[in-house]
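For reference, the structure is listed below as structure tokens.
The values are calculated or read from the model by the stated rules, or taken from the named source; none is laboratory data. These numbers were taken from a predicted model, which means no experiment stands behind them. Glycine gets a Cβ as well: all are built from the backbone with ideal geometry, and neighbour counts include every protein chain shown. Note: accessible area is taken over every heavy atom of the protein model, side chains too, but ligands, DNA and RNA are not part of it. Shrake-Rupley method; radii C 1.70, N 1.55, O 1.52, S 1.80 Å.
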Amino acid sequence: MVTATADIREPFRWTGMGYAVPALLLLAFFFVLPVLALLLRSITEPELGLQNYAELFATSTYARVLFNTFLVAGVVTLFSLLLGFPVAWLLAIMPQRWARIVFAVILLSMWTNLLARTYAWMVLLQRTGVINKMLMATGLVSEPLPLVNNLTGVTIGMVYIMLPFIILPLHATLRAIDPAILNAAALCGAGRWQIFRRVLVPLSAPGAAAGALMVFVMSLGYFVTPSLLGGTANMMLAGMIAQLIQSLLNWGLGGAAAFILLTVTLAIYALQLRYFSGAAGTAGGR
Amino acid sequence: MTDSFLTISGFRKTFGSIVAVEDVSLNIPKGEFLTFLGPSGSGKSTTLYAVAGFDDPSAGDISIDGRSILATPPHKRNIGMVFQRYTLFPHLPVGENIAFPLRVRGHSAADIAKTVKAMLSLVRLEGFEDRLPAQLSGGQQQRVALARALAYDPPVLLMDEPLSALDKKLREEIQVEIRRIHQETGVTILYVTHDQEEALRLSDRIAVFNHGRIEQVGSGEDLYARPATRFVAGFIGDSNFLKVREVERRGSAASAILPDGTRIENIPAHAGNGHAATPELMVRPQSLKFVQGSGAGLAVKVKDVTFLGDTSSVLLETGWGQEIWLRGAGSAVKTNALSGPLHVEWNPADSHLFC
Ligand SMILES: Nc1ncnc2c1ncn2[C@@H]1O[C@H](COP(=O)(O)OP(=O)(O)O)[C@@H](O)[C@H]1O
Ligand SMILES: [Mg+2]
């Protein structure tokens, strides 16, 4: 008898696939069908053609939202990497007992309600919030900084939410590096910076890339944090889709925007499969 | 000593309450191949790592060419090292691994290319530049590691059991290479191993480690023929330790009376019997001979004979029930009628009394 698991991994061998049919039907019904329906509406409403897509790119407000979305996702990814690397590194070299505690804190924050965490940032970042009060008290600024209801606020809030998704895979690749290799690099004459640049970064690149792509993709479609911390003037793609469909009932345009998001996401996912999933296995060291 | 190049003096290292190294002092002349030999956990690696600079000594000093290196961080010590584990950079091909220390030092591209080529030919791996470490066997990886460690012409090369992961045949092959490379480069080598055969094959001198101390330093021949302590006598080569009932010391020589009353005169005597409270007489199996005729020597019974080609090993039992080994040329052992009560003798100068 052929086992079911072996067949699921090989889509072109239909023998014995019968076991998977109910699951596939379910998947098709709940995921593929709605997407197809959306795609269909985006090229048929109000009439057949690509005018919805043309409008998205041509109208400056919509184009601006697209630009903001990619900008914020890029900046969030960059800062998550910059902040996540030292944290992952510290976690990898600190005594295991402490590292476990830090991990618990990170996971706990991940499991805390997203809305609660975002509102907490709203309180912290507002004109009279703790951060502005501290900045004023130390005399670093004379006026409260505008930290919320703009893209700065969105970026800060999202970096915080995305950090664990960078730290966890990075930490895994860093832990896999044999400390003896770093000792060898040191005796070869490499100082801290050289070891970081020539050994640590290349060896942890697969983990960093996996984390960065995940963060980028998640950031592109993020809804809650941009809506709450960005205000209405600084909409991102997910917020715009919601508004187009819920408030303006413009299913054609909303569908087109959603489809663009889906396409980009899938393209990035394909990129990751192609270039990084294989490399993660070999470059992580022993 | 005036010609000491690498000097370790009063080195001590503790990890919390664990004393890894009690007290180690060594004077190593330039170009010497010195091996740390000792059982696992005796402090060999700890001493080597202190020279490399990964661990600060708890006490003592380490100097090269008269200057203390303790304040110098590892990456500025200019010391080469081959580790027990494979430590090639997995993302870099062989050529770039060897070039690594030169790139870090900012050498010119032409210089790097020339050195990489020379190093590859030194370790006999020409044509392997572009392979990744994962595509090499364990022995090849350690040879590349050796090339990488020698690429910047370090005055001192440290090797921490570099061959312990390899099988016996390959190990012996690379030992020959290491010996040749030592002669060709003239680099001062500190080598760590727990394998006495490897130590004897490679070294100019051997420092025998035990419980965080050096028991004896000397050439392989010294250690074998003139062991200073019971531990060295037992660790280097095969040995019998006969029980001794009474000792009469006269300076550096002594007479011993064995449990059955046999009296042996003029034995070199040493104080270092380690933890054992009773004196013991060490005789190598090769030193024992059957007495032709009968009467003199130590009375024994034959328990077993093992034919080993060139030699035969004979398991004997003494009058007081202790088992000892005799080894002799296959024919010499055979010609004796190995039955009934026999006597063995040896040149007392070849035996050692530890009391
Ligand atoms: N980092 C360390 N922490 C605690 N104990 C250590 C550490 N390194 C070595 N030791 C201890 O020091 C002793 C000597 O170790 P080592 O120098 O590695 O021995 P060898 O290389 O001769 O096998 C051992 O008992 C070992 O357990
Ligand atoms: Mg060791």
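Counting only other chains, what is the mean number of Cβ atoms within 10 angstrom of the Cβ of each residue in peptide A:171-184? Walk me through the numbers before you get to the answer.
Numbers: counts 0, 0, 0, 0, 0, 0, 1, 5, 3, 7, 7, 1, 9, 14.
Per-residue shielding by partner chains comes out at 3.
Ignoring ligands, DNA and RNA, please state the percent of accessible area on chain B from carbon and sulfur, probe 1.4 Å. Walk me through the intermediate numbers first.
Details: 7950 of 15710 Å².
The computed percentage sits at 51.
To the nearest 10 Å², what's B:Asp260's accessible area with a 1.4 Å probe?
60 Å²
Which far-off residues, 5 or more places away or on another chain, put their amide H under 5 Å from the one on B:Phe5, with H placed in the peptide plane?
Here B:Ile28, B:Lys30 satisfy the definition.
Using a basic spin-label model with each label point 7 Å from the Cα along Cα→Cβ, how many nm lie between B:Glu184 and B:Asp167?
Between B:Glu184 and B:Asp167, the simple spin-label model gives 2.6 nm.
Let me know the shape class of the protein assembly as shown, please: from the alpha-carbon gyration tensor, a ≥ b ≥ c as square roots of the eigenvalues, rounded when a/c is under 1.5, otherwise prolate if a/b is greater than b/c, or oblate. Could you put the intermediate results ahead of the total?
On the way: a/c = 3.05, a/b = 2.45, b/c = 1.24.
Verdict is prolate for the protein assembly as shown.
Of B:Trp320, A:Trp111, B:Trp325, which has the most accessible area with a 1.4 Å probe, and how do the rest follow in descending order?
Values: B:Trp320 60, A:Trp111 185, B:Trp325 105 Å².
Largest accessible area first, the residues go A:Trp111, B:Trp325, B:Trp320.
So what's the back-of-envelope 222 nm ellipticity for chain B, counting only DSSP H runs of four-plus at -39500 (n - 2.57) apiece and dividing by all residues, rounded to 500? The partial results should precede the final answer.
Numbers: 9 runs with 90 residues, N = 355.
Computed ellipticity for chain B at 222 nm equals -7500 deg cm²/dmol.
Which value, in Å² rounded to 10, gives the accessible area of B:His343 with a 1.4 Å probe and all protein chains present?
Using a 1.4 Å probe on the heavy atoms, I get roughly 40 Å².
In deg cm²/dmol, rounded to 500, what helix-only [θ] at 222 nm does chain A give when every DSSP H run of at least 4 residues adds -39500 (n - 2.57) and the total is split over its residues?
Numbers: 16 runs with 206 residues, N = 286.
-23000 deg cm²/dmol, from helical runs alone.
If you count only protein heavy atoms with a 1.4 Å probe, what accessible area per residue comes out for the protein assembly as shown, rounded to a whole Å²? Intermediate values should be presented prior to the final figure.
Numbers: 31680 Å² over 641 residues.
Ligands and nucleic acids excluded, the result is 49 Å² per residue.
Can you list the GluC sites (Glu not before Pro) in the range B:92-158 that are in a DSSP coil and have 15 or fewer other beta carbons within 10 angstrom? If you can, show how the numbers build up before the last one.
Numbers: sites: B:Glu96, B:Glu126, B:Glu129; in loops: B:Glu126, B:Glu129.
Listed in order of number, the matching sites are B:Glu126.
In peptide B:64-74, how many Cβ atoms from other protein chains are near each Cβ within 10 Å, on average?
Details: counts 0, 0, 0, 0, 0, 0, 0, 0, 0, 3, 8.
The shielding value for this peptide is 1.
What does the C-alpha gyration tensor say about the overall shape of chain A? Classify as rounded when a/c is under 1.5, otherwise prolate if a/b is larger than b/c, or oblate.
Working: a/c = 2.10, a/b = 1.12, b/c = 1.87.
Judged from the Cα gyration tensor, chain A comes out oblate (a/c at least 1.5, b/c at or above a/b).
Rounded to the nearest 0.05, what FRET efficiency do A:Val102 and A:Tyr269 give with R0 = 41 Å and r taken as the Cβ-Cβ distance? Could you check? Mind dumping the intermediate values first?
Details: r = 30 Å, r/R0 = 0.73.
FRET efficiency, A:Val102 to A:Tyr269: 0.85.
If ligands, DNA and RNA are left out, what is the accessible area of A:Leu90 with a 1.4 Å probe, given in Å² to the nearest 10?
Number for this one is 100 Å².
So for the range B:4-231: antiparallel DSSP bridges make up what percent, rounded to the nearest 5?
The antiparallel fraction comes to roughly 55 percent.
Once you place label points 7 Å from the Cα toward the Cβ at A:Leu33 and B:Arg103, how far apart are they in nm?
Reported label-point gap for A:Leu33 and B:Arg103 is 5.6 nm.
Which order do B:Asp111, B:Asp153, B:Asp23 take by accessible area at a 1.4 Å probe, largest first?
Values: B:Asp111 55, B:Asp153 125, B:Asp23 75 Å².
Solvent-accessible surface, decreasing: B:Asp153, B:Asp23, B:Asp111.
Could you order B:Phe15, A:Phe259, A:Phe29, A:Phe85 so the one with the most accessible surface comes first? Probe is 1.4 Å. Please report the intermediate quantities before stating the final value.
Numbers: B:Phe15 90, A:Phe259 55, A:Phe29 125, A:Phe85 30 Å².
Descending accessible area places them as A:Phe29, B:Phe15, A:Phe259, A:Phe85.
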